[in-house]
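Below: the structure, in C-alpha cells.
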Amino acid sequence: MQYSSVTEILGGKKLLGRDISGRFDMVELGGDGIRKAAVSHLAGWLSLSWREMAVLLPVTERTLQRYGPQKKLGRPVSEQALQIAEVAAAGAETFGSREKFLAWLGAPSAALGGRRPLELLGSRFGAELVRDELGRIAHGIPA
C-alpha cells in the first residue's frame with residue numbers, strides 16, 4: 001500500500017500539514033492530532049455522513065459538528081481516523097477502485113462473521129480484522 005494514498009484520502013498535504021510516507025508519520029500525526037477538515041475529507045471519501053462517521057470514531061456527532069475545520073482532534077480520534085484511512089487505501093488498492101472497495105465495505109462478509117466490514121472499523125481490533133481480510137483477498141486466499 002502506498003502511504004501517499006492515505007495522504008490523499010485525508011485531503012492531502014494541505015489538510016494534514018505534511019505528507020505521509022510511512023508508519024512513523026502516522027504515529028506522529030496521531031500524536032499531533034489531525035484537523036477536522038481531514039476527517040471530513042475521509043468521511044466524503046467513504047461516502048459517510050457525520051452521524052455514520054461519528055459511530056466509527058471515539059467522539060460524538062455533536063462534538064464533530066461543533067468543531068471548526070481547522071480544529072485539531074485528540075489522539076484517540078486522530079489515530080482511529082488514520083487507521084480507517086489506512087484500511088481505505090489498502091481496500092482501494094486491493095479492489096482496484098474506490099467504488100468496488102466501498103461496495104465490499106458495505107456488504108456482509110462470511111469471512112467476517114457475516115458482518116459488514118464497515119461495522120468493524122469503529123475499533124482497532126475490528127479495523128485489523130478488515131485489514132487482514134483485505135490481505136487475504138489481495139493474495140487470493142479463500143476465506
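The values are calculated or read from the model by the stated rules, or taken from the named source; none is laboratory data. Computed from a predicted model, the values in this text were never measured in an experiment. Cβ sites come from the backbone with ideal geometry, for glycine too, and all protein chains shown count toward neighbours. What goes into the accessible areas is simple: the full protein's heavy atoms, side chains included, and nothing from ligands, DNA or RNA. Shrake-Rupley method; radii C 1.70, N 1.55, O 1.52, S 1.80 Å.
Any idea how many residues of the stretch 26-57 are touching a residue at least 12 places away in the same chain (Cβ under 8 Å) and farther than 25 Å from Pro117 by Cβ?
First, pick out the residues of the stretch 26-57 that are touching a residue at least 12 places away in the same chain (Cβ under 8 Å): 26, 29-42, 45-47, 50, 53, 55-57.
Adding the requirement that they be farther than 25 Å from Pro117 by Cβ leaves 31-33, 35, 37.
Total satisfying the criteria: 5.
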- Message: Regarding the stretch 110-126, can at least one residue be identified that is without any contact (Cβ under 8 Å) to a residue 60 or more places away in the chain, hydroxyl-bearing (Ser, Thr, Tyr), open to solvent by 10 Å² or more (accessible area, probe 1.4 Å) and on the phi > 0 side of the Ramachandran plot?
- Response: no
